[in-house]
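These notes are about the structure you will find just below.
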């Protein structure tokens, strides 16, 4: 079964609920690690570490985080080794964060992205592979770049 983890703070709750319902309808097993109700919100800096640690541990390959702008979630999630979170505001960005950056977390802003757009972005993020639809020379460059970035990360976290 396809699995994904998702989380939001209060500002991203409505968008998260729409994306979560859609992914469930698409056959994904969706774990929600964030705000469960607008009456009991969790702040972005508490939600992002929960999700990032589960990605880091290999429990999930991909995750989606949603706050007001997507920026706060991305900043916090990127503190964890092996986590590559990219804030996206379009379907194109959602595709390219996977194809170019091999992102394992997409973040979105509930104040910026409408539910219909968020659903389309989630579909693109979940269904795009690293280097997909890129020219062979760019695929080779990005695969080498990924190794260089991993070396930088290894140096930081040693």
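The values are calculated or read from the model by the stated rules, or taken from the named source; none is laboratory data. None of the values given here were measured: they were computed from a predicted structure. We place every Cβ from the backbone using ideal geometry, glycine too, and count neighbours over all the protein chains shown.
Residue 137 is checked against (1) surrounded by fewer than 17 Cβ atoms within 10 Å (Cβ to Cβ); (2) touching a residue at least 24 places away in the same chain (Cβ under 8 Å) and fails just one. What number does that condition carry?
Residue 137 satisfies all of (1) surrounded by fewer than 17 Cβ atoms within 10 Å (Cβ to Cβ); (2) touching a residue at least 24 places away in the same chain (Cβ under 8 Å) except (2).
Of all residues in the stretch 1-21 being assigned to a loop (DSSP other than H, G, I, E, B) and farther than 16 Å from residue 118 by Cα, which is nearest to the chain's Cα centre (by Cα)? Give the derivation first.
Initial filter on the stretch 1-21 (assigned to a loop (DSSP other than H, G, I, E, B)): 1-2, 9.
Going one step further and asking which of them are farther than 16 Å from residue 118 by Cα, we end up with 1-2.
Values: 1: 19, 2: 15 Å.
Here the answer is 2.
Determine which single condition residue 87 fails, assuming it passes every other condition in (1) modelled with pLDDT under 95; (2) touching a strand residue (DSSP E or B) at 6+ places or on another chain (Cβ under 6 Å).
(1)
For the stretch 22-116, list the helices (runs of 4 or more DSSP H) that sit wholly inside it and hold at least 1 residues that are at positive phi and within 13 Å of the chain's Cα centre (by Cα); which are they? Walk me through it before giving the result.
Values: elements: 44-56, 71-77, 91-99.
It comes to none.
Condition check: at pLDDT 95 or above, crowded, with 16+ Cβ neighbours inside 10 Å, over 18 Å from residue 18 (Cβ atoms) and under 12 Å from the mean Cα position of the chain (by Cα). Does residue 122 satisfy that?
So residue 122 fails the test.
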